[in-house]
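Trainee: The structure follows.
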Amino acid sequence: MPDVITAAPLTAEEIVALSKKHTIFEWSAQGAVDPIPVSHAKGCYFFTPDGRRFLDFNSQLMAVNIGHGDERVIDAMHEQAKKLQYVNPFLVSEPRARLGAKLAELAPGDIDVFFFTNGGADAVENAVKLARLYTGRHKIMARYRSYHGATAGGMTLTGDPRRWANEPGIPGVVRVLDPYHGVQRGWDDAATSLAMIEEVIQLEGSHTIAAFILESVTGTNGILIPPPGYMEGVRRLCDKYGILMIADEVMAGFGRTGRWFAIEHWNVVPDLITMAKGLTSAYVPLGAVGMRQKIADHFKDKVFYGGLTYGNHPVACATALATIAVYEEDRLIENAQRMGDLMTRLMREMSDKHPCVGATRNIGLFGIVELVKSRETMEPLAPFNGSSPEMAALGKEFRARGLYTIVRWNTFFTNPPLCINEAELREGFTSIDGALSVVDRML
Ligand SMILES: Cc1ncc(COP(=O)(O)O)c(C=O)c1O
C-alpha cells in the first residue's frame, strides 16, 4: 500500500477502492454503491481520472449552479484564503459584512438580516429555532413530499421516506398533504389544498403552531410547482393565524427556477428563507437563513440562542460574493429562463416520442420526468420509494452515454448548471432520447 498522502496520483480504481473501504456513502447500503471517480470539472462537464467525460445534468446535487471550475470564484477563494482564513463568529470580517448587505439587496421584501450556517440542514434548524423563539409557540407544520436536511430537526420535518429510519426525531412536527398526489392521482387545485391545511391548523390549535416550512418549488420529491394561488393562499393562512412562513430555498434558490428566489414567481414574501447550495455553487459549504426585519428586531433585546464554530466563514462568504458576481456578470438568471423555455420544448418532443413518459415538469432549469408503465393506467414505472428493472436499466444507459443525473423511483432529473448553452442542453436530451428508447423496448 503506497503512502496515501504522498503517493503518485491514484488511479480511478484506487480512488473507488479506498473510498469504499474507508468512507461511508450517503443513503445507501454500502455494498451496493458504485461511485464514479471524478478528477476535474469545467463548465457543465466533469471528467474521470481515466479520461471519461460526463455532462452534469444535475449540477451534482442541484448545487453547482454557475458551473464547474469558474476561475473568478477560484481566484476569490484563493485571495481570501491568503488574507484571512478564519475568525470566530463573535468577530467580523469584510466578506461577512459585504455578503449580508448583498443578500439584503437580493432577498424578497424586507428580508434584510441573515444568519450564516454551514449548509442547508442547519439553515433549516436555525429557521425553526428563530420561529420558535419569536412566536413562543413550538409546533412546526411541514409537508409530506419534502426534504429539509439530514440533521435531527431537518429529518423530522422531511416528509419523504428518508425520515422513516430516523424517527421519532424532534417533537412538535405536524404534517400536511401536498397539492400533488403522484403521477396517477395528479393535482388538487389551490382552494382544495388550502382548505385541508386550514383544517389541520384548526385541529392542531393555531396558537400552538410557530411556523409552516415548505419548499417554494419542491425539489427532490418531484419538482412540484405549486398551482396558481397556492403560495399566496399559504401566506394568507399564515397571516390569519400568526404562523411564520418559512420558504426553504436551499435547492430552488439562486436562479434555478429563473428567478433569484423561486418564491418571487408568486410575489410572496416569506418570514424566513433558507438557502445554501447555489449560494456558493457548492465551491465551499455555506448556508444562510434570512429573516424579515420584525424577526431581527425581536432579537435586539432578546438572546438568540444559536451558534456555529464555522458560522460566517470568511472564505465561504468571499466565495458566495464571487459566485453572486458571476450570476450577475454572465446573466445566468436570464439564461436559466431562456434555456428553461428550451427545456420545456425538448421535454414536449421527448414526451411525444416515448410512450414511457407519463409527465414532465420544469420551471427554469429545475426539471423532472416521471415514467409510467402505460399512459392508459399511468402506473409509475417504479413503486413509491422503490426501483424496477426498467429504472435500473435507465440509470445504466445514462451512465454509458456520459450523462450524469439522478434516477429516483420512477423519475429522473434535468437540472444542469445555469451556464448551459443550447448545444449542451440538446446534447443532454439526445442522450436521454437514446436511453428512453431502451426503456420503451423493455415495456
Ligand atoms: C430543500 C432542501 N432543504 C434542505 C436541504 C439540506 O441541505 P444540506 O444537504 O446542505 O444540509 C436540502 C438538500 O438537498 C434541500 O433540498
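Each reported figure results from applying straightforward, stated rules to the coordinates on display, with no laboratory input. Keep in mind that what you see is a predicted model, and the values were worked out from it rather than measured. Note: ideal-geometry Cβ built from the backbone for every residue, glycine included; neighbour counts use all protein chains shown.
Trainee: Residue 102: which aspartates and glutamates have alpha carbons under 14 Å from its alpha carbon, excluding same-chain residues fewer than 8 sequence positions away?
Mentor: Those aspartates and glutamates meeting the cut-off are 94, 110, 112, 328.
Trainee: Through the Karplus equation 6.51 cos²θ - 1.76 cosθ + 1.60, θ set to phi - 60°, convert the phi angles of segment 346-363 into ³J(HN,Hα) values in whole Hz; use x for Gly and Pro.
Mentor: 5, 4, 5, 4, 4, 5, 4, 8, 10, x, 6, 7, x, 7, 10, 9, 7, 9
Trainee: Enter the Cα centre distance for the pair segment 9-85 and segment 153-220, rounded to the nearest angstrom.
Mentor: First find each Cα centre; the distance between them is then 34 Å.
Trainee: Another question, if that's okay. For a quick check: with amide H placed at 1.01 Å from N, whose amide H comes under 5 Å from residue 44's, ignoring anything fewer than 5 positions away on the same chain?
Mentor: HN-HN under 5 Å from residue 44: 68.
Trainee: Could you tally the net charge around residue 251, taking each other residue with its Cβ under 14 Å from the Cβ of residue 251, Lys/Arg +1 and Asp/Glu -1?
Mentor: Around residue 251, the charge tally is +1.
Trainee: Let me ask something else. Given Cβ point charges of +1 (Lys, Arg) and -1 (Asp, Glu) and nothing else, what value in debye, to the nearest 20, does the dipole of segment 43-177 about its Cα centre take?
Mentor: It works out to roughly 540 debye.
Trainee: Whole-Hz Karplus ³J(HN,Hα) for segment 190-202, in order, using 6.51 cos²θ - 1.76 cosθ + 1.60 and θ = phi - 60°, x for Gly and Pro?
Mentor: My calculation for segment 190-202 gives 4, 4, 4, 5, 5, 5, 5, 5, 5, 4, 5, 4, 5 Hz in order.
Trainee: With +1 assigned to the C-beta of every Lys and Arg and -1 to the C-beta of every Asp and Glu, and no other charges, what is the dipole magnitude of the chain about the Cα centre in debye, to the nearest 20?
Mentor: Roughly 520 debye for the chain.
Trainee: If you add up the charges near residue 111, with Lys and Arg at +1 and Asp and Glu at -1, over every other residue whose beta carbon is less than 10 angstrom from its beta carbon, what do you get?
Mentor: Spelling it out: positives minus negatives among the neighbours equals -2.
Trainee: On to the next question. Can you tell me the length gained on complete extension of the stretch residue 34 to residue 309, counting 0.36 nm per residue apart and subtracting the Cα distance?
Mentor: 95.6 nm
Trainee: Name the long-range amide H neighbours of residue 287: under 5 Å, sequence gap of 5 or more, or other chain; modelled H, no Pro or chain starts.
Mentor: 117, 118, 119
Trainee: Here's a follow-up. Please report the antiparallel percentage of the DSSP beta bridges confined to the chain, to the nearest 5.
Mentor: 65 percent
Trainee: Hey, got the dipole for segment 3-91? About the Cα centre, +1 on K and R Cβ, -1 on D and E Cβ, debye to the nearest 20?
Mentor: 140 debye
Trainee: Which of 109, 36, 10 sits closest to the plus end of the dipole of segment 1-120, meaning its Cα is farthest towards the positive end, when Lys and Arg get +1 and Asp and Glu get -1 on the C-beta?
Mentor: Positive-most Cα among the choices belongs to 10.
Trainee: Let me ask you something else. Could you tell me which residue out of 250, 205, 128 lies farthest along the dipole of the chain toward its positive end? Charges go on the beta carbon: Lys and Arg +1, Asp and Glu -1, centred on the Cα centre.
Mentor: 205
Trainee: Another question, if that's okay. Around residue 328, under 15 Å between beta carbons, what's the net of Lys plus Arg minus Asp minus Glu among the other residues?
Mentor: 0
Trainee: Now for a separate question. Toward the positive end of the charge dipole of the chain, about the Cα centre and with charges on Cβ (Lys, Arg +1; Asp, Glu -1), which of 184, 172, 286 goes farthest?
Mentor: Positive-end residue among those listed: 172.
Trainee: 5 Å is the cut-off here: which amide hydrogens, built 1.01 Å from N in the peptide plane, fall below it relative to residue 174, excluding neighbours closer than 5 in sequence?
Mentor: Those qualifying (amide H under 5 Å, at least 5 residues apart or on another chain) are 140, 141, 142.
Trainee: Okay, next question. Using Cα centres only, tell me the gap between segment 243-287 and segment 422-443 in whole Å.
Mentor: The distance from the Cα centre of segment 243-287 to that of segment 422-443 comes to 30 Å.
Trainee: Still on this model: Output ³J(HN,Hα) for segment 124-140: one whole-Hz value per residue in order, computed from phi by the Karplus curve 6.51 cos²θ - 1.76 cosθ + 1.60 with θ = phi - 60°, and x for Gly and Pro.
Mentor: Whole-Hz 3J(HN,Hα) from phi for segment 124-140: 5, 4, 6, 5, 5, 4, 4, 5, 5, 5, 5, 8, x, 9, 10, 7, 10.
Trainee: Please work out the C-alpha center-to-center distance from segment 380-420 to segment 291-317 and express it in whole Å.
Mentor: Cα centroid to Cα centroid, the span is 39 Å.
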